[in-house]
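Asks: Below you will find the structure I want to go over with you.
The values are calculated or read from the model by the stated rules, or taken from the named source; none is laboratory data. Predicted, not measured: the structure shown is a model, and the values here were computed from it. Counting neighbours? That spans all protein chains shown, and the Cβs are built from the backbone with ideal geometry, glycine included. Each accessible area value is taken on the protein alone, full model and side chains, heavy atoms only, with ligands, DNA and RNA left out. Shrake-Rupley method; radii C 1.70, N 1.55, O 1.52, S 1.80 Å.
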Amino acid sequence: MKKYILLYGDKKKEDNICITNMFENTREINLGWTDFDYKNNIKIIDEEIKNGAEQIIFSGLEIGWDKLVEYLYEKNIKVKVICNTLDSLLYYEYERNNFFRLLELSKEGKIDEIAFLRKGQYEVYKSLGYKCSYLMENYILKEEKKTKIKSREEVVNEQKEEKLINIGIYPLNYTWDKNIFNQLCIGKMVDNSNINYNELDERMTDFLNTMEIKSTVDKIENINEDELINKVIKNDINISLSFTEYFHPVFFISMELGIPCIIGNTSDLFDDNEILNKYIVTKTEDNPIENGKIVEKCLNNKKIVIEEYKKWKEEYNKKVKQNIEQFLEI
């Protein structure tokens, strides 16, 4: 396998949970805001090339990283970029500028391959003539993590409040695409429930109080794997219903811990799995009434859901391993 290094920044920390889990050889670099950042990044890249890296993979094309691509092109080093945006997110100027620059560099032959994390997006840009691949997203809870995590039973026994159905809602950005308020409304539709939520803005709390939804602030101070594990494990079920998404860290972490998580129709994960589609996938991310019903249906069939996920995930991990190996060999 061609030796590689995957470089990532701290702009999209939720992406990093999955990307550093999927790839063994990763290293953080600065966003390219200043000349200092550029020089620091070039120093890291030169070190990796000296250590034998035959290809450089960027997790996204962040601000200023186009200069790094051009530097590598002059040194005749293979460059691949994992696209960390979607066409729906081009609403944001930062996303749009970087994405168009990514396509431009690809057309110029300075990027050897673009990996898209959604199958439909890959098919569109493949049809337009871009050199690209479909990269399957994943997250695997490593054994060394499992041994340090308290069991669900231990966490529940430590909770002193009245016995309620604890629903976890942990958006990681306060943006329109995170569909925050539709998710919070689900607490109104599930009897005897409490919403544990990541308070990104005080308007979330104002909304819950106005709607008289029982809730508890469960703020995430640092977006990382351990923090998410500590949050989602305390709930009976978690909710992750963004309007558009290419990585699903809250969903994967929750399911790997044996806690069901409702996901939106924003992935390519369960196209052929009738059971998981029935119990954890909603096609109406903006309908709290229907999603409340899905939550109850999922909880009533929790054992079936988790057992089916484990069977599905075992096969999915094999497919992803092969998919990543193929991407590295292109």
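Asks: Out of region 27-37, which residues are open to solvent by less than 40 Å² (accessible area, probe 1.4 Å) and either assigned to a loop (DSSP other than H, G, I, E, B) or aromatic (Phe, Trp, Tyr) (or both)?
Replies: Within region 27-37, Ile29, Leu31, Gly32 meet the criteria.
Asks: Now for a separate question. Among the candidates Leu257, Leu328, single out the residue that is touching a helix residue (DSSP H, G or I) at 6+ places or on another chain (Cβ under 9 Å) and at pLDDT 95 or above.
Replies: Answer to the selection: Leu257.
Asks: Scan Glu14, Glu24 and give me the residue that is among the acidic types (Asp, Glu), more than 27 Å from Arg96 (Cβ to Cβ) and either at pLDDT 95 or above or not in a loop (DSSP other than H, G, I, E, B) (or both). If you could, list the steps in order and put the result at the bottom.
Replies: Numbers: Glu14 fails: more than 27 Å from Arg96 (Cβ to Cβ).
From the options Glu14, Glu24, the qualifying one is Glu24.
Asks: Still on this model: If I ask for residues that are buried (at least 16 other Cβ atoms within 10 Å of the Cβ), among the hydrophobic types (A, V, I, L, M, F, W, C) and within 19 Å of Lys178 (Cα to Cα), which ones from region 211-225 would you list?
Replies: The answer is Ile220, Ile223.
Asks: Would you check which residues across region 126-146 are of a type outside the set (Asp, Glu), surrounded by 15 or more Cβ atoms within 10 Å (Cβ to Cβ) and more than 14 Å from Leu257 (Cβ to Cβ) and list them?
Replies: The answer is Lys126, Tyr130, Lys131, Cys132, Ser133, Tyr134, Leu135, Met136, Asn138.
Asks: Just to be sure before I move on: is Asp268 of a type in the set (Asp, Glu), open to solvent by less than 20 Å² (accessible area, probe 1.4 Å), in contact (Cβ under 8 Å) with a residue 40 or more places away in the chain and under 23 Å from Cys298 (Cβ atoms) in the structure I sent?
Replies: Details: of a type in the set (Asp, Glu): yes; open to solvent by less than 20 Å² (accessible area, probe 1.4 Å): no; in contact (Cβ under 8 Å) with a residue 40 or more places away in the chain: yes; under 23 Å from Cys298 (Cβ atoms): yes.
It is false that Asp268 is of a type in the set (Asp, Glu), open to solvent by less than 20 Å² (accessible area, probe 1.4 Å), in contact (Cβ under 8 Å) with a residue 40 or more places away in the chain and under 23 Å from Cys298 (Cβ atoms).
Asks: If the Cβ limit is 6 Å and pairs must be 6+ apart or interchain, which residue in region 233-247 that is over 20 Å from Lys303 (Cα atoms) and in contact (Cβ under 8 Å) with a residue 40 or more places away in the chain pairs with which residue that is open to solvent by 10 Å² or more (accessible area, probe 1.4 Å) and of a type in the set (Gly, Ala, Ser)?
Replies: Partner pairs satisfying both residue conditions: Thr244/Ser88.
Asks: Considering only residues of region 72-91 that are over 12 Å from Asp177 (Cβ atoms) and polar (S, T, N, Q), which is farthest from the chain's Cα centre (by Cα)?
Replies: Here the residue is Asn76.
Asks: Output the qualifying pairs, or none if there are none: Cβ atoms under 6 angstrom, residues six or more apart or on different chains, first residue in region 170-195 and under 23 Å from Glu227 (Cα atoms) and assigned to a loop (DSSP other than H, G, I, E, B), second residue open to solvent by 20 Å² or more (accessible area, probe 1.4 Å) and among the aliphatic types (A, V, I, L, M).
Replies: Hits for this filter: Leu172/Ile223; Tyr174/Leu200.
Asks: Contact list please: Cβ distance under 9 Å, first residue in region 288-317 and farther than 19 Å from Ile169 by Cα and open to solvent by less than 80 Å² (accessible area, probe 1.4 Å), second residue basic (Lys, Arg) and in a helix (DSSP H, G or I), pairs at least six apart or on different chains.
Replies: Asn301/Lys278
Asks: I'm trying to understand the selection: among the residues of region 70-100, which are aromatic (Phe, Trp, Tyr) and open to solvent by 20 Å² or more (accessible area, probe 1.4 Å)?
Replies: Tyr71, Tyr73, Tyr91, Tyr92, Tyr94, Phe100
Asks: Mind checking which residues of region 244-264 are of a type in the set (A, V, I, L, M) and part of a helix (DSSP H, G or I)?
Replies: Val250, Ile253, Met255
Asks: Further question: Scanning for something in contact with a Leu (Cβ under 7 Å, 6 or more places away or on another chain), acidic (Asp, Glu) and within 24 Å of Lys119 (Cα to Cα), does region 266-283 turn up at least one residue?
Replies: No.
Asks: May I pose another question? Looking at Leu257, Leu241, Leu228, Leu208 in this structure, which one is open to solvent by 20 Å² or more (accessible area, probe 1.4 Å), within 18 Å of Ile167 (Cα to Cα) and of a type in the set (A, V, I, L, M, F, W, C)?
Replies: Exactly one residue qualifies, and that residue is Leu257.
Asks: So which strands (runs of 3 or more DSSP E) are wholly in region 38-150 and hold at least 3 residues that are modelled with pLDDT under 95?
Replies: It comes to none.
Asks: Moving on. For region 10-37, give me each residue that is farther than 17 Å from Leu117 by Cβ and under 27 Å from the mean Cα position of the chain (by Cα).
Replies: Pass one, region 10-37, residues farther than 17 Å from Leu117 by Cβ: 10, 24-25, 27-37.
Residues satisfying the conditions are Asp10, Glu24, Asn25, Arg27, Glu28, Ile29, Asn30, Leu31, Gly32, Trp33, Asp37.
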